[in-house]
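Undergrad: I have a structure I would like to understand better, so I am pasting it below and will then ask my questions one at a time.
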Amino acid sequence: MCGIIGYIGSKNAVPIIVNGLKKLEYRGYDSAGVAVNNNGEFCAVKKRGRLTELEQALKKTPIKGNIGIGHTRWATHGEPSDINSHPHLSEFNTIAVVHNGIIENYKELKAKLEKLGVKFSSQTDSEVVAQLAEYYKTKFGGSLLDIVSRVAQALEGSFALGIMAKDNPNTLIAIKKDNPLIIGVGKDGNFIASDVPAVLEHTKSVYYLADKEIAVIKKDSIEFFTLEKEPINKEVSLIEWDASESEKGGYQHFMLKEMLEQPKILQATIKHAKQRLSQKEVLDKLDIKQYTKIVITACGSAYNAGFVAKYVLEDLARIPVEIELASEFRYKNPIVDDKTLVILISQSGETADTIAAMREAKSKGATTLGVVNVVGSCIATESDVCIYTLAGPEIAVATTKAYSAQLVVMYLLAIKFASDLGVIDEKTIKALENDVNSIPDLVDVTIKSTIDTIAKYSALCIGYSSIFFIGRNIDYAVALEGSLKLKEISYIHSEAYAGGELKHGTISLIEDGTLVVAIASNPRLFPKIMSNVEQVMTRGAKVFSIETSLVNESDRIQHKDLFRIKTHSINELFSPSLSVIILQLFSYFVAANKGLDIDKPRNLAKSVTVE
């Protein structure tokens, strides 16, 4: 969840690291810190709070050096504080470490080191890495590579590490296990980072570290080794993103910028997914006739996208689909085998629970399909097949464009499976493909035609203490995402319910002044959800209704407490791509009117790389 960056080269590392941390702050912002090796002496500045606090501290206590590491933290072990901030230095200041992940056996390691007289200064699991490295350095000696190899073999859990040694100012070491880490190749030095945006202004050439690989980085060379110190040859990758994609570009928030980018990224994702689904290696692995069921597993918004996909896949392909929370999947002894296709949806491709679900599924013989946004990520490389969502860098913690891209990939997958199984004819296939092709333009029209109206309406909604979302069938799946988006960034309590469940308990919470957001994109079920709307308005609720244009005006409710936005005509199975845009805009403007930090909502981080 945390963000790490390191630099070694001919320039002062501090401004490079601080600027890189700005690009990584979406991964955590409880505290931040920088450490450099300046002529054989470590200098470190660490501060609780946002990165601006660190910048102010560095103005008061400037440091410099040609090699350094930095960290922006999402707290796990130990409260946010200056002491618990990274980088962590060993007791005698011979080793400096930044860490992303969880050291699961840190208590045992810490207890052993304390018995040996080692004094710890923080409450974190991460400090044990620095202390253990110093202990091994003193006891066994050897190169920094030797020490890191020995330390890594003693650790249990997940980690991405950047490590410096006081007596070796010419070397930076990186190693990863179950957490992302890239190595950037620059003209004036080399980099390590948790994610591409941190180094994009300096280089587009990167290496993706695989699990248990070690990188030994000098200012003009990079070498790779296994955990057993055997040399590895790796190929450099070229990042196709432009640096401007990770900048706000004049927008007030990244979330707004990313919502408005959706027409473009949807078009690119549709094109890529079609090409990918026509490739032989994919066709062989995704021969749907060899599977008896599909299991979709994911977390958060990706789970909600998977829930939409369940409706679409079952409706079109007529194959059983289960949707599972990845955080629960491996703990339930899941019923999957070699006749099961397991689809893993993750923006980062590094979601810890989804990775664990993938490995559990593979251990039981299932075929795995990753739908991810980040090239070279764990799920992308370990799944049997991967389809990328070409959403580019998504900096706002609350996902918008990546979620929408996940939807169109799953639509195309459903059409392919239905076609392969012969349950729909060529005419229907062509009509469905045309509908998917129209989504980017319809999203563009939806944004342009509703954004001002939603902004004005949202200003009236900031005083609600609870907001309920309801929908039926596929609209219920969209309601889940709308509710999650609102609570993530506005801090307003919100719940989503299937419309038919209102009478089974939920309606007791409806009273004067309650806001209910009703999603009615399905013409077949329009009268049913409108009945629910009538029921809540009778009990004093106000209603924001998102309605399909494919019903007669005479069937719509006219009421002073109902605010309505109509969506454009599209196949009901693909309607989530339009209704979710309205829900994203609504959540954004509610939070904006409350003056909240939309891109960095409290207690949240973009990539959940710890369990």
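The values are calculated or read from the model by the stated rules, or taken from the named source; none is laboratory data. This one's a predicted model, so the numbers in the text were calculated from it and none came from an experiment. Cβ atoms come from the backbone with ideal geometry, glycine included; neighbour counts cover every protein chain shown. Surface areas here come from the heavy atoms of the whole protein model, side chains and all, with no ligands, DNA or RNA. Shrake-Rupley method; radii C 1.70, N 1.55, O 1.52, S 1.80 Å.
Undergrad: Can you list the lysines whose alpha carbon sits under 21 Å from that of residue 212, skipping same-chain ones fewer than 8 residues off?
TA: The reachable lysines, counting only those whose Cα sits under 21 Å from residue 212, are 137, 176, 177, 229, 234, 362.
Undergrad: Taking θ = phi - 60°, what integer Hz values does the Karplus form 6.51 cos²θ - 1.76 cosθ + 1.60 yield along the range 49-55, in sequence order, with x for Gly and Pro?
TA: Those phi angles translate into x, 5, 4, 4, 5, 5, 4 Hz.
Undergrad: Non-local amide H neighbours of residue 566 (under 5 Å, H modeled in plane, Pro and chain starts lacking H): which ones?
TA: Here the answer is 547, since their amide H atoms fall under 5 Å of that of residue 566.
Undergrad: OK, next. For q values of 0.16 Å⁻¹, compute log₁₀ I(q)/I(0) with the Debye formula on a Cα-only model of the range 1-101, without solvent.
TA: Taking Cα atoms of the range 1-101 as identical point scatterers yields -0.57.
Undergrad: State, to one decimal in nm², a quarter of the convex hull surface area for the C-alpha atoms of the range 406-485, i.e. the direction-averaged projected area. Working shown, then result.
TA: Numbers: hull surface 28.0 nm².
Mean projected area for the range 406-485: 7.0 nm², to one decimal.
Undergrad: How much of the accessible area of the range 241-398, probe 1.4 Å, is carbon plus sulfur, in whole percent?
TA: 49
Undergrad: Rounded to a whole number, what is D in µm²/s for the range 443-582 from Stokes-Einstein with the Kirkwood radius over alpha-carbon pairs (4 °C, 1.567 mPa s)? Mind showing how you got there, number by number?
TA: Values: Rh = 14.9 Å.
In µm²/s, the coefficient rounds to 87.
Undergrad: Could you sort the peptides 582-592, 154-164, 118-128 by per-residue average Cβ neighbour count (10 Å cutoff), highest mean leading?
TA: 582-592, 154-164, 118-128
Undergrad: Now a separate question. For residue 367, what residues show an amide H to amide H distance below 5 Å, using hydrogens built from the backbone and excluding near sequence neighbours?
TA: 340, 342
Undergrad: Moving to a separate point now. Excluding residues on the same chain fewer than 8 positions from residue 110, give the aspartates and glutamates whose Cα lies under 20 Å from its Cα.
TA: 79, 91, 125, 127, 134, 156
Undergrad: Okay, moving on. Relative contact order of the range 189-329, please, whole-number percent, based on alpha carbon pairs below 8 angstrom and at least 6 residues apart.
TA: 14
Undergrad: Can you tell me the 0 to 90 degree angle between the C-alpha axis of helix 106-115 and the longest principal axis of the chain, rounded to 10?
TA: Tilt relative to the chain: about 20 degrees.
Undergrad: Let me ask something else. Taking Cα pairs under 8 Å and at least six residues apart, what relative contact order does the chain come out at, in percent?
TA: After rounding, I find 12 percent.
Undergrad: Based on the Cβ-Cβ distance of residue 241 and residue 11, what FRET efficiency does E = 1/(1 + (r/R0)^6) give at R0 = 25 Å, to the nearest 0.05?
TA: After rounding to 0.05, the efficiency reads 0.65.
Undergrad: A further question follows. Along each of the three principal axes of the Cα atoms of the range 171-230, give the extent in whole Å, ordering the values from largest to smallest.
TA: That gives 33, 23, 14 Å along the principal axes, largest extent first.
Undergrad: Which entries of 204/310; 187/264; 59/219; 542/594 have Cα-Cα distances beyond 29 Å here? Before the final figure, lay out the partial values.
TA: Details: 204/310 37 Å; 187/264 32 Å; 59/219 26 Å; 542/594 20 Å.
Pairs exceeding 29 Å: 204/310; 187/264.
Undergrad: Please list 3J(HN,Hα) in residue order for the range 301-312, calculated via the Karplus relation 6.51 cos²θ - 1.76 cosθ + 1.60 where θ = phi - 60°; whole Hz, with x for glycine and proline.
TA: Going residue by residue, I get 4, 5, 5, 5, 5, x, 5, 4, 4, 4, 4, 5 Hz, with x marking Gly and Pro.
Undergrad: Take the solvent-accessible surface of the protein heavy atoms, probe 1.4 Å, and return the percent of it on the range 419-561 that carbon and sulfur atoms account for.
TA: About 50 percent, which is the carbon plus sulfur part of the accessible surface.
Undergrad: Counting heavy atoms of the protein chains only and a 1.4 Å probe, report the per residue accessible area for the chain as a whole number of Å².
TA: 38
Undergrad: Can you tell me the mean projection area, over all orientations, of the convex hull of the range 502-558's alpha carbons? Units nm², please.
TA: Details: hull surface 15.3 nm².
If I average the Cα hull's projected area over directions, I get 3.8 nm².
Undergrad: Output the Kirkwood hydrodynamic radius of the chain, Cα pairs only, in Å rounded to one decimal.
TA: It is 25.4 Å.
Undergrad: Hey, another quick one. Quick check: at a probe of 1.4 Å, how many percent of the accessible area of the range 83-155 sits on carbon and sulfur atoms?
TA: Roughly 51 percent of what the probe reaches on the range 83-155 is carbon or sulfur.
Undergrad: While we're looking at this one, here's another question. So for the chain, taking the charge dipole from beta-carbon charges (+1 Lys/Arg, -1 Asp/Glu), which of 58, 383, 505 sits furthest toward the positive end?
TA: So the residue furthest toward the plus end is 58.
Undergrad: With label points built 7 Å along Cα→Cβ from the Cα atoms of residue 77 and residue 431, find their separation and express it in nm.
TA: If labels sit at residue 77 and residue 431, their model points lie 5.9 nm apart.
Undergrad: Further question on the same structure: Would you mind computing Rg(Cα) / (2.2 N^0.38 Å) for the range 202-282, counting N as its residues?
TA: On the way: Rg = 18.4 Å, N = 81, 2.2 N^0.38 = 11.7 Å.
Taking the Cα Rg and dividing by 2.2 N^0.38 Å, one obtains 1.58.
Undergrad: Let me ask something else. Run down the aspartates and glutamates and flag those whose C-alpha is under 13 Å from the C-alpha of residue 430, throwing out any fewer than 8 positions away in its chain.
TA: Within the straight-line limit of under 13 Å, residue 430 reaches no aspartates and glutamates at all.
Undergrad: Starting at the first residue of the range 320-335, write each ³J(HN,Hα) from the Karplus equation 6.51 cos²θ - 1.76 cosθ + 1.60 with θ = phi - 60°, in whole Hz, x for Gly and Pro.
TA: x, 10, 10, 10, 10, 5, 4, 5, 10, 4, 6, 9, 10, 6, x, 8
Undergrad: Here is a follow-up. Give the Rg/Rh ratio for the range 95-199, taking Rg as the radius of gyration of the Cα atoms and Rh as the Kirkwood radius, to two decimals.
TA: For the range 95-199, the value is 0.98.
Undergrad: Provide the packing ranking of 100-106, 498-504, i.e. peptides ordered by the mean count of other C-beta atoms within 10 Å per residue, highest first.
TA: Values: 100-106: 21.7, 498-504: 16.4.
Result, highest mean Cβ count within 10 Å first: 100-106, 498-504.
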